[in-house]
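Scroll down for the structure; my scribbles are underneath it.
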Amino acid sequence: MKNIVILISGRGSNMQSIVRACAAEGWDARVAAVISNKADAQGLVYAAEQGIATAVVDHRAFESREAFDAELARVVDGFKPDALALAGFMRILTPQFVQHFEGRLVNVHPSLLPAFTGLHTHQRAIDAGCKLAGATVHFVTAELDHGPIIAQAVVPVLPGDTADGLSARVLVQEHRIYPRAVGWLVHGQLRVVAGVVTHTEGESQLVL
């Protein structure tokens, strides 16, 4: 059975969607641990209630990003992860950390990458006059919000939309595509060639 480790900083709604899908769909995998950089992250309570191991590595206790990431990697490695999912983990990871988990480290971002990397994605999409927005699951690389795209979901930007309204609709789609992508990863159904990800059995990687 494969091990999934999930990193969170807050309520971990995407973490919860992965946990539920893993159980409901009978994956040959388990969520082995949920780890946060904040002791008061609400998602830790949910994970503990599901019987999932939890841990806290407080970034404020370390003098550098490198020291924090080294300890975080040590804790994550203790759970022997086959997949490591970032689910609202609000830390920029060092290249050393990313390289250590290369091919196993995934993230969900609330835009149609490569558009609107970074923060405030929904307001930026509205301000740019975009007619479509969405979410992207991708392998993590050392460059922030880049990396081979595993799956994307598209939602319309509505007339008079607000960032909050658009965010809520995009989040619904994140909860659909992120568990799907993590399931593909742990079941060995993804192939990366020249930076392009395909599903080995031809399953659609786009949700409209």
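The values are calculated or read from the model by the stated rules, or taken from the named source; none is laboratory data. Because the structure is predicted, anything quoted here is derived from the model rather than measured. Cβ sites come from the backbone with ideal geometry, for glycine too, and all protein chains shown count toward neighbours.
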**Prompt:** Does Arg169 meet the test of being surrounded by 12 or more Cβ atoms within 10 Å (Cβ to Cβ), touching a helix residue (DSSP H, G or I) at 6+ places or on another chain (Cβ under 8 Å) and within 25 Å of Val19 (Cα to Cα)?
**Reply:** no
**Prompt:** Which residues, taken from segment 118-141, are touching a strand residue (DSSP E or B) at 6+ places or on another chain (Cβ under 7 Å) and either closer than 22 Å to Val192 by Cβ or outside the structural domain of Arg191 (by TED's automatic domain parsing) (or both)?
**Reply:** Gly134, Ala135, Thr136, Val137, His138, Phe139, Val140
**Fill in**
The correct count of residues that are part of a loop (DSSP other than H, G, I, E, B) and under 20 Å from Val182 (Cβ atoms) in segment 147-160 is 2
**Prompt:** List, please: which pairs have Cβ atoms under 6 Å, are six or more places apart or on different chains, and start with a residue in segment 53-65 that is touching a residue at least 24 places away in the same chain (Cβ under 8 Å) and end with one that is in a helix (DSSP H, G or I)?
**Reply:** His59/Phe68
**Prompt:** Is segment 110-117 home to any residue that is out of contact with any strand residue (DSSP E or B) (no Cβ under 6 Å at 6 or more places or on another chain), surrounded by 21 or more Cβ atoms within 10 Å (Cβ to Cβ) and not in a helix (DSSP H, G or I)?
**Reply:** yes
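From the list Leu185, Leu144, which residue is at pLDDT below 95 and either in contact with a strand residue (DSSP E or B) (Cβ under 8 Å, 6 or more places away or on another chain) or part of a loop (DSSP other than H, G, I, E, B) (or both)? It would help to see each step written out before you state the result.
On the way: Leu185 fails: at pLDDT below 95.
Result of the check over Leu185, Leu144: Leu144.
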**Prompt:** Of the residues Val140, Val186, Val154, which single one is out of contact with any helix residue (DSSP H, G or I) (no Cβ under 7 Å at 6 or more places or on another chain), touching a residue at least 40 places away in the same chain (Cβ under 8 Å) and closer than 25 Å to Val31 by Cα?
**Reply:** Val186
**Message:** I'd like to know if segment 164-176 contains one or more residues that are touching a Phe, Trp or Tyr at 6+ places or on another chain (Cβ under 9 Å) and touching a residue at least 24 places away in the same chain (Cβ under 8 Å).
**Reply:** no
